[in-house]
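I have placed the structure first, in the form of structure tokens, so that the comments after it can refer back to it.
Every read-out reported here was derived from the displayed coordinates using simple, explicitly stated rules and does not represent laboratory data. As the structure is a prediction and not an experimental result, all values here were calculated from the model. Because the Cβ atoms are built from the backbone with ideal geometry, glycine has one as well, and the counts that use them run over all protein chains shown.
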Amino acid sequence: MRIGIVNPYALDVPGGVQLHVRDLAEHFIGQGHHVRVLAPADEDAVLPDYVDPAGKAVPVPYNGSVARLLFGPVTAARVGRWIDRGEFDVLHVHEPFSPSVSMLAMMAAEGPVVGTFHSSTMRSRVLLTFMPLLEPHLEKLSGRIAVSREALGTIQRHEGAADAVIVPNGVNVDRFAQAPVAAQWQGNEERPTIAFLGRLEEPRKGLAVLLDAMPRLLAARPGLRLLVAGPGDPAEALRHTSAEVVAACEFLGMVSDLDKARLLRSVDAYVAPNIGGESFGIILVEAMSAGAPVIASDLPSFRDVLDGGPAGVTFRTGDAADLAATVLSVLDDRQRRDELSALGSVRARDFDWSRVAADVLDVYETCRAAHPEPVHTASTNRSRRMLRGRG
């Protein structure tokens, strides 16, 4: 099958959608499908050979974060040419609501077009502004995928569609399960290690809540180490913390995929203190895949990933005292940590790409059966009609 995938966000900035698109494309390529990915990218960005750069993105506040997006008439023309050149059996646009190349592709394309919705945004001003323009184009989607119940709620709030199917984000489970343990990140009874991964400057990731919990954690476990991975300024993150907390934190900066897997394989627990704006929780699945016991805020999307509770432990969102108490209850009970690790490893298999990609492919096949002709733009369709009329 010839598959075109459109990613709205710049690929040189880490994020859940970017990882999802990359892994999905590579899984399908491994199965023998022809796949091309269109995404914003800087001129000097090093890209996989299946990626076509759509142009340089600009930072735009979006969904509680700052995303690097790409929009405008020049980009729209480039997107249209890419669609017609690809002759795709199916076009898969991610985050059709985002003002970037995905929205432009959805607006331009006709035929079997699938939209995947990742975000759990409420009714935003941006979407309210764009919805009158988007509604006729959203109706063209042959298939809708939501990565979670939260994302499904976003679709229903904004366009009232109830025909989306839930297909979660995927993870290469074995990549994490088989990663080597890193001695420098491994904890012990005297010096246990917990990990946080995320952008330091993004409030919704909840690092501030975890840092607020650290004095209580250190009072009970003086040797505790907090390993923090992700982009951002550590000095800014630690600005309001005590010297004791500063000494217990180790900032790793951006880590490679391999080091992320090694980190999660090595720590005594992974803590997800996110305070909102999360439609799924891919990092929880990655941690479970690596065998790390997961301790997470009780966001609905996180509870779903944890299968309602058995695969991890939750605490009250934004409550530093409850976070500290929950972390200590896990660190103090080795048998419980082992049980959480085992249950999490089993739950993670539900999100392995071998299952997730098969469900995505089922959606493709359904849409292709309803629209057997390759995806094309409206201008190409008009040209075809004119040629048929002349004949």
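Considering helices alone, the calculated mean residue ellipticity of the chain at 222 nm is -13500 deg cm²/dmol, with DSSP H runs of length four and up weighted by -39500 (n - 2.57) and normalised per residue. Seen against the Cα atoms of the chain and their longest principal axis, helix 149-159 is set at about 40 degrees. Applying 0.36 nm per residue to the separation of ALA219 and ALA325 and subtracting their alpha-carbon distance, the gain on full extension is 37.0 nm. The shape of the chain can be summarised by an equivalent ellipsoid whose semi-axes, obtained from the alpha carbon gyration tensor, come to 41, 20, 19 Å from longest to shortest. Between ARG368, ARG78, ARG349, the Gaussian network model of the chain with springs among Cα atoms under 10 angstrom shows the greatest mean-square fluctuation at ARG78. Summarising the strand pairing of the chain, around 15 percent of its internal DSSP beta bridges are antiparallel.
Run the paramagnetic zone check for ALA342: 7 angstrom along Cα to Cβ, then residues of the range 299-334 with backbone nitrogen under 15 Å. Of the residues in the range 299-334, 310-312, 334 have backbone N under 15 Å from the label point off ALA342.
Helix 207-220 and the longest principal axis of the C-alpha atoms of the chain enclose an angle of approximately 20°. Spacing of the modelled spin labels on GLU139 and LEU47, each 7 Å from Cα toward Cβ, amounts to 3.3 nm. If you plug the beta carbon distance of GLN335 and ASP362 into 1/(1 + (r/R0)^6) with R0 = 30 Å, you get a FRET efficiency near 0.15. A compact globular protein would have a Cα radius of gyration near 2.2 N^0.38 Å; the ratio found for the range 173-350 is 0.92. Looking at the range 173-350 alone, DSSP beta bridges between its own residues are antiparallel in about 0 percent of cases.
Quote the FRET efficiency, to the nearest 0.05, computed for ASP163 versus ASP307 with a Förster distance R0 of 35 Å and r equal to the Cβ-Cβ distance. Present the calculation step by step, with values, prior to reporting the outcome.
Values: r = 26 Å, r/R0 = 0.73.
Taking R0 as 35 Å, the efficiency between ASP163 and ASP307 is 0.85.
If R0 is 41 Å, the Cβ-Cβ spacing of PHE251 and ARG349 corresponds to a FRET efficiency of close to 0.80. When +1 charges are put on Lys and Arg Cβ atoms and -1 charges on Asp and Glu Cβ atoms, the dipole computed for the chain relative to its Cα centre reaches about 1000 debye.
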